[in-house]
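The numbers here are math on the coordinates, done by the rules we state, and not lab data. Computed from a predicted model, the values in this text were never measured in an experiment. Positions of Cβ are backbone-derived with ideal geometry, glycine not excepted, and every protein chain shown enters the neighbour counts.
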Amino acid sequence: MNAIEEFYRVAFARYGDLEWWPADDPFEVAIGAILTQNTSWKNVERAIERLKCDGLLSPNTISDVPMEKLAEAIRPSGYYNQKAKKLKAFVEWFREELDCDFSAGDTMPTAHLRESLMSVKGIGPETADDILLYAFEKPVFVVDAYTYRIAVRHGWSPPDVGYDELAEIFTSSLDEDVFLYKNFHAILVEIGKTFCTKKAPKCVNCPMKPTLRNGTPLVIV
DNA sequence: ATCCTGGAAA
DNA sequence: TTTCCGGGAT
């Protein structure tokens, strides 16, 4: 068992299934993935609740509603003007490429779907991978700031690693398993928020401390 | 490197 | 008061 598998084994014993991504359906996952860009999930929940109340959480309504009204509905998630455009760009892609049907992605190669998603203005690699994994159920490993921080501090990766390169470090160390990838990312986010924080990491109380091999963490607080 | 933005935490 | 979010575009 390699260090990354060992990390997950210990983490799963502690956290179990975190049940990501919390949403009623894949469309809500995709919308949430855009709204959560550089934004706390709590504020995204408010924005999604407002979309639901206004009857706006569907491809047709997002296409038809005026930009200003959409922006107002998602206001709590921040960057509301930018994100209103992003939501409209996404639903336009969703209709044209998939006829508003996520299952249409089942027969498409993951790499093609990923490139296609990333061609949408407002969808970068992380958001694309959120959508691929949690909405399309494709086996891609999501990399985010928490993933990077934890990977570097545990010595799994050099600090100058690129996005795709870091994803590869995880996928090459793990079985290809959609549930595993979903829950691993959820666990990294949870640990990154509570213990492996950007400033003043709480290594002393961290449940992952037993998984460190050569006293590897760059920071022990 | 800077901008986009609200809300909570430090 | 500053910092930080489940980033991405210019």
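Miscellaneous remarks
- Selection of the stretch A:101-123 for residues being without any contact (Cβ under 8 Å) to a residue 60 or more places away in the chain and part of a loop (DSSP other than H, G, I, E, B) yields A:101, A:106, A:107, A:108, A:109, A:119, A:120, A:121.
- Filter pass, residue A:74 being aliphatic (A, V, I, L, M), within 16 Å of DNA strand C (Cβ to nearest atom) and without any contact (Cβ under 8 Å) to a residue 60 or more places away in the chain: yes
- Among residues of the stretch A:49-83 being closer than 21 Å to residue A:24 by Cβ and among the small types (Gly, Ala, Ser), the one that is farthest from DNA strand B (Cβ to nearest atom) is A:58.
- Some residue of the stretch A:21-30 being more than 19 Å from residue A:182 (Cα to Cα), free of Cβ contacts under 8 Å to residues at least 40 places away in the same chain and under 19 Å from the mean Cα position of the chain (by Cα): no
- Taken as a whole, the structure leaves residue A:190 outside the set of residues that are surrounded by fewer than 18 Cβ atoms within 10 Å (Cβ to Cβ) and more than 10 Å from DNA strand C (Cβ to nearest atom).
- Which numbered condition residue A:37 misses (of (1) more than 16 Å from DNA strand B (Cβ to nearest atom); (2) within 21 Å of residue A:132 (Cα to Cα); (3) in contact (Cβ under 8 Å) with a residue 60 or more places away in the chain): (1)
- Residue match in the stretch A:124-141 (condition: out of contact with any Phe, Trp or Tyr (no Cβ under 8 Å at 6 or more places or on another chain), within 10 Å of DNA strand C (Cβ to nearest atom) and within 29 Å of residue A:209 (Cβ to Cβ)): no
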